[in-house]
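Please read the structure below before turning to the comments.
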Amino acid sequence: MMTTSLNSRKTRLSHWLHHHGESLASSLSRLRQAPMSSISVLLLIAIAFVVPIAIHIAFHAVNSVTAQWDQDKQITLFLHADIDLPQAHALAASLQQQLAISKARAIDKQQVLSSFTQDTQYALLGESGSDNNPLPHIIELAPSEQADLEQLAGLFATHPDVDQTQFDWLWFQRLEAISQLILTIQWVMSVMLMLTVALIIVNVVRWEIASRMAEIEIIKLVGASDSYVQRPFLYYGGLLGMIGALLAIGLTSLSCWLINQSLSPLMTLFNSEFRLIGLDLSQAMILLFIGIIIGLSSAAIASRVKIVAIT
């Protein structure tokens, strides 16, 4: 009795696995039978995936550059002309001890002039000598992460030894706000385009079911369950999502390579290493998983509604 039961279970498992294999083979065959329509649908799915990926790659590429700017941001204090270099050093040490400053460095006005002439075309100004140097000594400050930038701005604006303050904290705040806006746009676009992918697969699966309606009716008449009839369409939807995601990964890599080839001469002129970096292996696997899940879910919704309605 136990042997008969065990053999029956093995037989059912064998039939179940065999039907899964047949369903996968049938889905691949359906894609090959209509290559032009299959390619069109797959490219639509791939492009829908590529758009949020492109925003993600561009955001992180720009963010990596601006993050370095954020680390290098500093406050420059231009001292009054009557403040000599020892007083500037003493003021720098005092500011670092008393305020939320991680680093303070006084710079001699002659060094400031040399740096200015190197960065500009006013070479004759640097040759005029220290007696005619119009620039004051300066102090470069690096605020700590906990510093209240608005409070620092107010303190330096009223400091008796400071003539002018170069303070870019507002610019950085605006940059961060823009970054957050781009991140929000990325998520909104991702959700909308994932829904677009789902709708594409739902409609394709519904068309596929409609084209095989007579076959489905006969299978159900001989006693096939809804899940049995659904299985090939689930594989079909899963394949659409998976292949669309694979195409999106390939298109993204190709696009990054082409753009980087064009960017390379420009970045060389600007002495920059900025470049677009495509998806890494873990990100590609996540996208592939998302594509399969969207394909299976969409196919399940479409096939469940259509097949259950068939009596």
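The values are calculated or read from the model by the stated rules, or taken from the named source; none is laboratory data. What you are looking at is a predicted structure, and each value in this text was computed from that prediction instead of being measured. Quick reminder, even Gly has a Cβ in these numbers, built from the backbone with ideal geometry, and neighbours come from all protein chains shown.
Taking (1) at pLDDT 90 or above; (2) within 21 Å of the chain's Cα centre (by Cα) in turn, residue 275 satisfies each apart from (1). Total residues in the stretch 262-294 satisfying the condition of being exposed (fewer than 11 other Cβ atoms within 10 Å of the Cβ) and under 30 Å from residue 194 (Cα atoms): the figure is 3. All conditions but one from (1) farther than 23 Å from residue 50 by Cα; (2) modelled with pLDDT of 80 or more; (3) acidic (Asp, Glu) apply to residue 280; the one that does not is (1). Screening 119, 131 for residues that are modelled with pLDDT under 75 and within 21 Å of residue 82 (Cα to Cα) leaves exactly one candidate, 131.
Considering only the stretch 223-239, I want to know if a residue exists there that is under 40 Å from the mean Cα position of the chain (by Cα), crowded, with 21+ Cβ neighbours inside 10 Å and within 18 Å of residue 284 (Cβ to Cβ). Yes, because at least one residue in the stretch 223-239 is under 40 Å from the mean Cα position of the chain (by Cα), crowded, with 21+ Cβ neighbours inside 10 Å and within 18 Å of residue 284 (Cβ to Cβ). For residue 299, the stated conditions do not hold, so it cannot be described as out of contact with any helix residue (DSSP H, G or I) (no Cβ under 7 Å at 6 or more places or on another chain) and modelled with pLDDT under 90. All of (1) out of contact with any Lys or Arg (no Cβ under 7 Å at 6 or more places or on another chain); (2) in a helix (DSSP H, G or I); (3) at pLDDT 75 or above; (4) farther than 22 Å from residue 58 by Cα hold for residue 179 with one exception: (4).
For the criterion of being modelled with pLDDT of 80 or more, surrounded by 12 or more Cβ atoms within 10 Å (Cβ to Cβ), in contact with a Lys or Arg (Cβ under 9 Å, 6 or more places away or on another chain) and under 28 Å from residue 136 (Cα atoms), residue 106 fails. The residues in the stretch 61-94 that are in a helix (DSSP H, G or I) and modelled with pLDDT under 80 can be counted, and the count is 12.
Please go through the stretch 207-222 and pick out each residue that is under 43 Å from the mean Cα position of the chain (by Cα) and assigned to a helix (DSSP H, G or I). Of everything in the stretch 207-222, those that are under 43 Å from the mean Cα position of the chain (by Cα) and assigned to a helix (DSSP H, G or I) turn out to be 207, 208, 209, 210, 211, 213.
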